[in-house]
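A.B. asks: First, the structure itself, so that you have it in front of you.
Throughout, read-outs are computed from the coordinates displayed, never taken from laboratory work. Values in this document were obtained by computation on a predicted structure and should not be read as measured data. Quick reminder, even Gly has a Cβ in these numbers, built from the backbone with ideal geometry, and neighbours come from all protein chains shown.
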Amino acid sequence: MKRKIHNLLLTALMLVTFVMAGFAQIQRDGTPPSVIFNYTSAIDALDYSPNVDVRSMMQEDEILAKQGVPERAGFVQPVGINMTSSGVWTRLPGNRMMWQVKLQASNAKALGVVFENFYLPDGAELYLYDENKTMIIGAFTSDNNNEDMLFSTHVLPGSVIWVEYVEPMNASGKVKPPYSEENSIISPSATIPPAFEVVSNYTPTGSFTVKELIYVYRDYIFNQTKDLGDSESCQVNINCSPVGDTYQSAKRGVARILFKEGASWYYCSGTLVNNTAQNGQPYFLTANHCGATASAADKNVWQFYFNYERPGCTNTGTPANNMITGCSMKATGGITGGTDFQLVLLNSNVPLAWNPYFNGWDRTTTASTAGASIHHPSGDAKKISTYLLH
């Protein structure tokens, strides 16, 4: 389709993009070992509090919003640690090893993690959770490995986030003794430590670097007592009857995007779109102004939140949602050409359990005179507004 795609119109949906308790990223069912064994690590948090004036950033956001810039959710906070440079290793029952690290960044409304050099071997599991373990994500496994070795996680509420990784004890079944040469094979005299003993010299099979934190200073995701994104009164919850009744199929393709562009993270909206082969390829259509100039590496950690909607008309409660990470650019057209579109391909297929819907399009060049907009204004839960041109 390439550049011809600028002639496409969605017939079932007009896209508009401004700018946990129950939630799921693509993962396996699992429980962190620290929860299973009720084990508490007495480790100090590594402090990555930013040296920025968030209030000034929010004032800047108000100015940029008037220029059509998407709503900024937060920014990148560099970290740069790995499992050999920081954190604590503990041996678990069953000859498994657990690594934990606690990260904090003051005054954050929520935190997420971006990993690089990301490789999880078979049998390994990765979890993240907030300070009180009220929200836990994972297990991430070898199924989450990808050729770019980049991975980002759902953000969790608060200014503290824990990373917990567990793997079968390495192939030798031993821990390298302190007196071994740095790169030598584990010596026959190495010993297996007792369960729950902290180990200071373990060499893991898996690898990753905690590259950076996603520092969220807008709390639209977890604030349960307000209209999340302060949408205008014309924006109605998608499941509010009777306005949303006609669009219950089309809504299933629409997702909120939390996208990285340079040193910032922003909110936008978009939809799954069908293709002529109708084979379920996860093509996703959004606006050109939503990160079209982001690097390929940035796009590999973009987050797409499906089913992020409230059950009725009431604007309270944290919506459940399902999230996919990463995409690649396929085609784009700037707003100066009258299109303002961006077509990307998601890095993962949308699980059928999420009940996805691929919205349709055609090559009509005449603008519609009536319809509806389904989107996530300013990162809000899914909304709908109708229009009629006279």
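A.B. asks: When only DSSP loop residues count, what GluC sites (Glu not before Pro) in the range 92-157 have their Cβ near at most 12 other Cβ atoms within 10 Å?
C.D. replies: When the GluC sites (Glu not before Pro) of the range 92-157 are filtered for loop state and at most 12 Cβ neighbours within 10 Å, 147 remain.
A.B. asks: Could you pull out every residue, at least 5 positions away or on a different chain, whose amide H is within less than 5 Å of the one on residue 97? Hs are placed 1.01 Å off N in the peptide plane, and Pro or chain starts have none.
C.D. replies: Distant-sequence amide H within range of residue 97: 92, 167, 169.
A.B. asks: Another question, then. Per the Kirkwood formula on distinct C-alpha pairs, the Rh of the range 28-215 is how many angstrom?
C.D. replies: By the Kirkwood definition, the hydrodynamic radius is 18.0 Å.
A.B. asks: Test of understanding: ordering 120, 46 by Cβ neighbours within 10 Å, fewest first, what list do you get?
C.D. replies: With the sparsest Cβ surroundings first, the list reads 46, 120.
A.B. asks: So, one more: Going by amide H atoms built from the backbone, whose H comes under 5 Å of the H on residue 330, apart from near neighbours?
C.D. replies: Here the answer is 343, 344, 345, since their amide H atoms fall under 5 Å of that of residue 330.
A.B. asks: For the range 314-371 and the range 63-117, what is the centre-to-centre distance using only Cα atoms, to the nearest Å?
C.D. replies: 27
A.B. asks: Further, regarding this structure: For the range 33-87, take the alpha-carbon Rg, divide it by the Kirkwood Rh, and send me Rg/Rh.
C.D. replies: Here the Rg-to-Rh quotient is 1.21.
A.B. asks: Using a cut-off of 14 Å between beta-carbons, work out the net charge of the residues near residue 29 (Lys and Arg +1, Asp and Glu -1, residue 29 not included).
C.D. replies: Net of charged neighbours comes to -1.
A.B. asks: If you rank 214, 36 by fewest surrounding Cβ atoms within 10 Å, what's the result?
C.D. replies: Result, fewest neighbours first: 36, 214.
A.B. asks: Here's another thing I want to ask about it. Determine, for each peptide in 364-370, 83-89, the mean count of other beta carbons within 10 angstrom over its residues, then list the peptides with the highest first.
C.D. replies: Ranking, from highest mean packing down: 83-89, 364-370.
A.B. asks: Could you derive backbone 3J(HN,Hα) for the range 263-275 from the dihedral phi with the Karplus parameters 6.51, -1.76 and 1.60 (θ = phi - 60°), listing whole Hz in sequence and x where the residue is Gly or Pro?
C.D. replies: 3J(HN,Hα) across the range 263-275, in whole Hz: 9, 10, 10, 10, 9, 8, 9, x, 8, 5, 10, 6, 10.
A.B. asks: Fewest to most neighbouring Cβ within 10 Å: what's the order for 81, 257, 63?
C.D. replies: Placing the least packed residue first, the sequence is 63, 81, 257.
A.B. asks: Might you report the magnitude of the Cβ-based charge dipole of the range 28-215 about its Cα centre, with Lys and Arg at +1 and Asp and Glu at -1, to the nearest 20 debye?
C.D. replies: 380
A.B. asks: Moving on. Under a 5 Å amide H to amide H cut-off, with H placed in plane at 1.01 Å, what residues pair with residue 158 once short-range neighbours are removed?
C.D. replies: So residue 158 has HN proximity to 110, 111.
A.B. asks: Still on this structure, I have one more. Less than 12 Å Cβ to Cβ from residue 67, Lys/Arg counted +1 and Asp/Glu -1: what total charge do the surrounding residues give?
C.D. replies: That works out to -2.
A.B. asks: With +1 on each Lys and Arg Cβ and -1 on each Asp and Glu Cβ, and nothing else charged, work out how big the dipole of the range 74-172 is about its Cα centre, in Debye to the nearest 20.
C.D. replies: Taking the Cα centre of the range 74-172 as origin, the dipole is about 420 debye.
A.B. asks: Could you list the trypsin sites (Lys or Arg not before Pro) in the range 324-390 that lie in coil according to DSSP, counting only those with at most 15 other Cβ atoms within 10 Å of their Cβ?
C.D. replies: Those that pass, being in a loop and sparsely packed, are 363.
A.B. asks: Within the range 28-215, what percent of beta bridges assigned by DSSP are antiparallel, to the nearest 5?
C.D. replies: Once the DSSP bridges in the range 28-215 are tallied, antiparallel ones form about 95 percent.
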